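The values are calculated or read from the model by the stated rules, or taken from the named source; none is laboratory data. Keep in mind the model is a prediction, meaning the values are calculated, not measured. Glycine also receives a Cβ, built like all others from the backbone with ideal geometry; neighbour counts cover every protein chain displayed.
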Amino acid sequence: MTKIAIILGSTRPGRNGKAVADWVYELAAQRTDAQFELVDLLDYNLPHLDEAIPPSMGNYQNDHTKAWAAKVAEFDGYVFVTPEYNHGTSGALKNAIDFVYGEWNNKAAGFVSYGSAGGVRAVEHLRLVAAELQIATVRAQVSFSLMTDFENFSTFAPNPYHAQPATLMLDQLVAWSNALASLRA
C-alpha cells in the first residue's frame with residue numbers, strides 16, 4: 001500500500017505546527033487508499049547539515065543522517081506541514097530536506113502551510129526545492145491563516161471549509177505517488 005509521511009516542519013518551542021500536523025493526520029487516517037504516518041523533525045535531532053560529501057552522492061557518514069535517510073526512504077509521498085518565516089519555510093525543514101537526496105527522488109508531495117499570509121510563500125519556496133529533488137508536487141494545497149484559523153495566534157481552530165481542499169490535496173498526492181511507482185521500481 002502507498003505510504004505517505006506527514007512531515008512536521010517546525011521544531012520551534014511552542015510551535016503551532018504540531019496542531020496543524022495532527023489535524024492533517026486525523027483527516028488522512030480516515031482514508032483507505034494509503035497509509036499515513038506523522039513524522040516529527042524533533043524526533044531526529046538533526047544538526048545543521050554536517051555531511052562533507054554532497055547528499056546526491058548517497059554516501060552518508062553520520063548515524064543521524066543514515067537514520068533520517070532510512071525514514072525518508074520508507075515513503076512514496078509526503079505532506080510537508082510548514083510555517084512561513086520571512087517569506088520562506090523553516091530552517092529546520094529546509095535543513096532536513098537538504099540532508100538527503102536520492103531518498104526523495106520520483107516521489108510526490110503536497111503542502112499544508114500556516115502563517116500571517118497563510119504560509120503560501122513558504123510553499124512556493126518548497127516547490128522550487130522539490131523540483132530540484134525530483135519530487136512531483138501536486139497543485140492543491142491547504143493554507144491556514146494565523147488571523148482566522150488560530151485563536152490569539154496560537155490555538156489552532158481551523159475553519160471547517162479547509163477539509164475540502166485538504167481532501168483534494170490528499171487525493172492528488174495519493175494518485176501521483178501511485179503514478180510514480182514505476183519510476184521508483
Answer with yes or no whether ILE7 is aliphatic (A, V, I, L, M) and under 18 Å from LEU170 (Cα atoms). yes
State yes or no: is ALA163 modelled with pLDDT of 95 or more, buried (at least 21 other Cβ atoms within 10 Å of the Cβ) and not acidic (Asp, Glu)? no
Residue pairs within 7 Å by beta carbon, gap of at least six or interchain, first lying in segment 136-162 and over 30 Å from LYS107 (Cβ atoms), second modelled with pLDDT of 95 or more and among the aliphatic types (A, V, I, L, M), listed first then second, are PHE150/ALA157; GLU151/ALA157; PHE153/LEU146
Please determine whether any residue of segment 12-25 is among the hydrophobic types (A, V, I, L, M, F, W, C), at pLDDT 95 or above and assigned to a strand (DSSP E or B). no
Please enumerate the residues belonging to segment 131-185 that are among the polar types (S, T, N, Q) and either in a strand (DSSP E or B) or in contact with a Phe, Trp or Tyr (Cβ under 8 Å, 6 or more places away or on another chain) (or both). GLN134, THR137, GLN141, SER143, SER145, THR155
Among the residues of segment 96-112, is there at least one that is crowded, with 17+ Cβ neighbours inside 10 Å and more than 27 Å from THR2 (Cβ to Cβ)? no
Can you confirm whether segment 31-38 contains a residue that is surrounded by 12 or more Cβ atoms within 10 Å (Cβ to Cβ), out of contact with any helix residue (DSSP H, G or I) (no Cβ under 6 Å at 6 or more places or on another chain) and either part of a helix (DSSP H, G or I) or in contact (Cβ under 8 Å) with a residue 40 or more places away in the chain (or both)? yes
Could you list, ordered by first residue, the pairs with Cβ atoms under 8 Å in which the first is in segment 167-179 and among the hydrophobic types (A, V, I, L, M, F, W, C) and the second is part of a helix (DSSP H, G or I) and modelled with pLDDT of 95 or more, at least 6 apart or interchain? LEU170/LEU27; LEU170/ALA28
Number of the exception - ALA179 against (1) surrounded by fewer than 23 Cβ atoms within 10 Å (Cβ to Cβ); (2) in contact with a Leu (Cβ under 6 Å, 6 or more places away or on another chain): (2)
Output the residue which, of all residues in segment 45-83 that are within 17 Å of the chain's Cα centre (by Cα) and more than 27 Å from ASN178 (Cβ to Cβ), is modelled with the lowest pLDDT. ASN45
It is to be established whether one or more residues within segment 71-90 are without any contact (Cβ under 8 Å) to a residue 60 or more places away in the chain, in a strand (DSSP E or B) and either surrounded by 20 or more Cβ atoms within 10 Å (Cβ to Cβ) or of a type outside the set (S, T, N, Q) (or both). yes
